[in-house]
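Heads up, the thing below is written out as structure tokens.
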Amino acid sequence: MTVAPQKDSLDQLFEEAVVEHAEPLWPLLSAVSPPFPVAKAAPYVWDYEKLRPFCERAARLVGTDLAERRVFMLINPKLKAPYTTDTLYAGLQTILPGETARAHRHSPFALRFIIEGERGFTAVEGEKVMMQRGDMVLTPSWEWHDHGNEGDRPMIWLDGLDLPLWQVLPSNFTEHYANARYPSELLNTASNRRYPWAEMQAKLDAAPGAVAEERYRMRANGGEISATIGASAFRFDKGAKSAPLRETASAVMHVYEGSGQTRVGDTVLTWKQGDTFALPAWQKIVHENTGAGRAYLFRFDDRPLMSALAALRTDAG
């Protein structure tokens, strides 16, 4: 008596492969390798007037002894912490007069853009950098740094990190220094870690046209501020509108001064001084100044990372 061969099937194949922790690629190919860039993040604006009271309350309720970094993360509504965009993290950090945020170092690169306060400082690898509104301060990867406030009112700034990138890299970690402060002193020369707003605004105001963008460049070598994150600043004259642009880079923007709106695909974000908003990758973006005077904005983005991966694409259509 001849036994007929058992009929095979894809369902049976998949079930047997899963037991061996193997799965077929072809049903998921378009999802893992789509025909065009697909960002998970959504465009969104964080209202500073609504968030600032949270910073004040946190400063009353928890000290720097319990909260090593007193920060409210800006979490994209389509994602979870620590994602502000698919590749960028942003947060609002607060330090009260007399406080110190203890010294540590970590794998991610970080920048700070000062929103309010004066006589605060960041000390990085022995260099004490004083901060005031509009300054951008850098804390490169794996450099000891601490923060403090020698003024008489709170310091609040925007943190920008490549932290999402490090969620998929097993080499991400933080090391704490033995003491609260890393030994540091003020320098009398221009710092490679502090970029004052006055310098940037002078460049923007000297640039031609109703819209101007100036890229932050390292004093030491003229390159991007890091291998993963870059930064720039914008000027928009009254009524000015930017040319449409979409790119594979994502960005976080902060309003230094003025008011306006940004169209991101089909979404319109309305912004004013102090607000911060997320720009996902590969959506057509148009900024417009709708206020009574000039508008100035700060931006950090992942252009250097996209360039290093040979993945930076732009479309001005």
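In the stretch 261-293, how many are crowded, with 23+ Cβ neighbours inside 10 Å and closer than 13 Å to Phe234 by Cα?
The initial filter retains those residues of the stretch 261-293 that are crowded, with 23+ Cβ neighbours inside 10 Å, namely 271, 276-281, 287, 289.
Adding the requirement that they be closer than 13 Å to Phe234 by Cα leaves 287, 289.
Number satisfying all stated conditions: 2.
Within the stretch 288-317, can you find the residues that are farther than 24 Å from Glu116 by Cα and either part of a strand (DSSP E or B) or without any contact (Cβ under 8 Å) to a residue 40 or more places away in the chain (or both)?
Residues satisfying the conditions are Glu288, Ser307, Leu309, Ala310, Thr314, Asp315.
I'm told Val137 meets every condition in (1) in contact with a strand residue (DSSP E or B) (Cβ under 6 Å, 6 or more places away or on another chain); (2) in a loop (DSSP other than H, G, I, E, B) except one. Can you identify the failing condition by its number?
Tallying (1) in contact with a strand residue (DSSP E or B) (Cβ under 6 Å, 6 or more places away or on another chain); (2) in a loop (DSSP other than H, G, I, E, B), Val137 fails exactly one: (2).
Which ranges mark the strands (runs of 3 or more DSSP E) fully within the stretch 21-126 that have 1 or more residues being at positive phi and surrounded by fewer than 18 Cβ atoms within 10 Å (Cβ to Cβ)? Quick ask: steps written out before the conclusion?
Numbers: elements: 44-46, 71-73, 89-95, 100-106, 110-116, 118-124.
It comes to 118-124.
Based on this model, can you work out whether Thr228 counts as among the β-branched types (Val, Ile, Thr), more than 19 Å from Phe109 (Cα to Cα) and either in contact (Cβ under 8 Å) with a residue 24 or more places away in the chain or surrounded by 15 or more Cβ atoms within 10 Å (Cβ to Cβ) (or both)? Before the answer, list the steps.
Values: among the β-branched types (Val, Ile, Thr): yes; more than 19 Å from Phe109 (Cα to Cα): no; either in contact (Cβ under 8 Å) with a residue 24 or more places away in the chain or surrounded by 15 or more Cβ atoms within 10 Å (Cβ to Cβ) (or both): yes.
So Thr228 does not fit the description; no.
Taking the stretch 148-180 as the region of interest, how many residues are outside any strand (DSSP E or B) and under 28 Å from Phe298 (Cβ atoms)?
Qualifying residue count, the stretch 148-180: 14.
How many of the residues making up the stretch 1-59 are among the basic types (Lys, Arg) and touching a Pro at 6+ places or on another chain (Cβ under 9 Å)? Lay out the reasoning, then the answer.
Taking the stretch 1-59 and keeping what is among the basic types (Lys, Arg), we get 7, 40, 50, 52, 57.
From what's left, touching a Pro at 6+ places or on another chain (Cβ under 9 Å): 40.
The number of residues fulfilling the criteria is 1.
Among what's in the stretch 153-198 and is basic (Lys, Arg) and over 20 Å from the mean Cα position of the chain (by Cα), pick the residue that is farthest from Ser107 (Cα to Cα).
Of the residues in the stretch 153-198, the ones basic (Lys, Arg) are 153, 181, 193-194.
Remaining after also requiring over 20 Å from the mean Cα position of the chain (by Cα): 153, 181.
Values: Arg153: 31, Arg181: 19 Å.
Restricting to residues being basic (Lys, Arg) and over 20 Å from the mean Cα position of the chain (by Cα), the top hit is Arg153.
Does the stretch 275-290 include one or more residues that are under 22 Å from Asp86 (Cβ atoms), within 20 Å of the chain's Cα centre (by Cα) and among the basic types (Lys, Arg)?
yes
Quickly run through the stretch 118-134 and pick out the residues that are over 15 Å from Tyr182 (Cβ atoms) and either touching a helix residue (DSSP H, G or I) at 6+ places or on another chain (Cβ under 8 Å) or in contact (Cβ under 8 Å) with a residue 40 or more places away in the chain (or both).
Of everything in the stretch 118-134, those that are over 15 Å from Tyr182 (Cβ atoms) and either touching a helix residue (DSSP H, G or I) at 6+ places or on another chain (Cβ under 8 Å) or in contact (Cβ under 8 Å) with a residue 40 or more places away in the chain (or both) turn out to be Met130, Met131, Gln132, Arg133, Gly134.
Just give me the residues in the stretch 1-44 being modelled with pLDDT of 95 or more and among the β-branched types (Val, Ile, Thr), in sequence order.
Correct list: Val18, Val19.
In this structure, does Leu158 turn out to be buried (at least 20 other Cβ atoms within 10 Å of the Cβ), touching a strand residue (DSSP E or B) at 6+ places or on another chain (Cβ under 7 Å) and modelled with pLDDT of 95 or more?
Answer is yes for this residue.
The values are calculated or read from the model by the stated rules, or taken from the named source; none is laboratory data. Just so it is clear, the structure is predicted and the values come from calculations on it, not from any experiment. Every residue, glycine as well, gets a Cβ built from its backbone with ideal geometry; the counts of neighbours run over all protein chains shown.
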